[in-house]
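K.L.:
The structure's right below; bear with me while I get my questions together.
Please treat every number below as a calculation from the coordinates, not as lab data. If you're wondering where the values come from, they're calculated on a predicted model, not measured in any experiment. Positions of Cβ are generated from backbone atoms using ideal geometry, with glycine treated the same way; all protein chains shown enter the neighbour counts.
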Amino acid sequence: MQKVTNKLQKLIESGDWPAVSRNRGVDVFKERFDLNQLRGFIHDRIQKNGTVRILEIGFGVGKLIWDFRILFPEAELFALNKTRDRYIKSNEDLKMTALYYNYFTEDELESIKLPEIYFQDCQALPFESNYFDVVISLTTLEYAKRKEKALQEIWRVLNIGGKAYVEIDSIESCFKDCPDFLKSDSPRFIIYDNHNQIVPLTTFLKNPGITEFNIGTSLKRGKLDLIMCKNISNDLNLNLEFIEDKSKNLTIMSHQHNDSFKWLWGYQSIYKIRENTTC
Ligand SMILES: C[S@@+](CC[C@H](N)C(=O)[O-])C[C@H]1O[C@@H](n2cnc3c(N)ncnc32)[C@H](O)[C@@H]1O
């Protein structure tokens, strides 16, 4: 514990505790999703099954997963980041976040069950199928290269009736002056049909082959979110062909190019609908 407290102290003293972009919490979640409905769902699951499993994909420094710890003390919590970063390298490091936001004291933390953390790309989730009741993700899928795989994986790990609340893209106001390659309803998730026309993601999800899967969209505060409710056990197959040579790492571009690209971030994934799919 002393090691964690010292590490936090050093980060604070050097002004290196991450800004809001890595520590969104339940306050942000509830601006866009129905927290009361989720609360009811979680309590029902606990009553019925004695437990509930919740996964956060892209937990940053873990503020949201700690909020969930407080809201749902009985829940089994899991959280996944792509890589270890300088803030969170282990389960123990998560204690820094709880201390920083005064969620728990050092003494309390000795007896609090920590969320279990994993470091892996969300396009291949290290969990068995039908494992989670709830999956949540804020400002993460924008960074994923193979977004279709990530969505298919989220569907796979949800159990029947399980729910996923997933931010899939951010449509910043600065996009109004953006280069053409970003002009879309989901600028980082571009889908072309067989006539080389862009199909908005919201339209694509209404494709006859996909509507049997309960996946809704919501656009609030410049964020395009997906709300999935696993209504059938079939694997989700979005039938998209990834076009690697047209896709772009926007974060890298922002470092390499001139000022006009400096606000770019994330990964723009480009797809073509496979031939046998209608739209
Ligand atoms: C901008 S931070 C957002 C953190 C937090 N969700 C929030 O909203 O404050 C993006 C997070 O996503 C994680 N991430 C990025 N790409 C990922 C990927 N392909 N698979 C899993 N996690 C990823 C990063 O490790 C980082 O924690």
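K.L.:
Choose one of F29, L240, L94: the residue whose Cα lies farthest towards the positive end of the charge dipole of the chain (beta-carbon charges +1 Lys, Arg; -1 Asp, Glu; about the Cα centre).
P.N.:
Positive-most Cα among the choices belongs to L240.
K.L.:
Moving on. For the chain, find the longest principal axis of its Cα atoms and tell me its angle to the long axis of helix 147-157, 0 to 90°, nearest 10.
P.N.:
Helix 147-157 and the main axis of the chain meet at about 60 degrees.
K.L.:
Then there's this: For a 20 Å ceiling on Cα separation, which of these pairs sit above it: K113/K163; K147/K230; K223/K246; K147/K248; K149/K248?
P.N.:
Numbers: K113/K163 23 Å; K147/K230 18 Å; K223/K246 24 Å; K147/K248 13 Å; K149/K248 17 Å.
K113/K163; K223/K246, as the Cα separations exceed 20 Å there.
K.L.:
Please name which of N249, W17, I46 has its Cα lying farthest along the dipole of the chain towards the positive end, using unit charges on Cβ (Lys, Arg +1; Asp, Glu -1) and the Cα centre as origin.
P.N.:
N249
K.L.:
Among 43-52, 128-137, what's the highest-first ranking by average C-beta atoms within 10 angstrom per residue?
P.N.:
Numbers: 43-52: 13.5, 128-137: 20.1.
Highest mean packing first, the order is 128-137, 43-52.
K.L.:
Separate question: Tell me, what HN-Hα J-couplings in whole Hz come from the Karplus equation 6.51 cos²θ - 1.76 cosθ + 1.60 at θ = phi - 60° for each residue of the stretch 224-241, using x for Gly and Pro?
P.N.:
Karplus values, whole Hz, x for Gly and Pro: 9, 10, 10, 10, 9, 10, 6, 8, 9, 7, 3, 5, 7, 10, 7, 6, 10, 9.
K.L.:
A further question on this structure: On a 0 to 90° scale, report how tilted helix 2-13 is relative to the longest principal axis of the chain, with both axes built from alpha carbons and the result rounded to the nearest 10.
P.N.:
Once rounded, one gets 60 degrees.
K.L.:
Residue by residue through the stretch 197-205, which ³J(HN,Hα) values in whole Hz follow from phi under the Karplus form 6.51 cos²θ - 1.76 cosθ + 1.60 (θ = phi - 60°), with glycine and proline marked x?
P.N.:
9, 6, 9, x, 3, 4, 6, 4, 6
K.L.:
Also, I was wondering about something else. Could you work out, for the stretch 1-92, what percent of all Cα-Cα pairs fall into each 5 Å distance bin, beginning at 0 Å and stopping at the bin that holds the largest distance?
P.N.:
In order of increasing distance, the bins hold 3, 11, 20, 22, 18, 12, 8, 5, 1, 0 percent.
K.L.:
Starting from 0.36 nm per residue, how many nanometres of slack lie between R84 and N237 once their C-alpha separation is accounted for?
P.N.:
52.1 nm
K.L.:
Next question, about the same structure. Apply the Karplus curve 6.51 cos²θ - 1.76 cosθ + 1.60, θ = phi - 60°, to the phi angles in the stretch 110-118 and return the couplings in whole Hz, x for Gly and Pro.
P.N.:
Rounded to whole hertz, the list is 4, 10, 8, 6, 6, x, 8, 10, 9.
K.L.:
Something else about it: For the chain, just the Cα atoms, rotate onto the principal axes and tell me the three extents in Å, largest first.
P.N.:
Dimensions of the chain along the principal axes of its Cα atoms: 62, 52, 29 Å.
K.L.:
Moving on. Could you work out the mean projected area of the convex hull around the alpha carbons of the stretch 112-183, in square nanometres to one decimal?
P.N.:
So the Cα hull casts an average projection of 6.7 nm².
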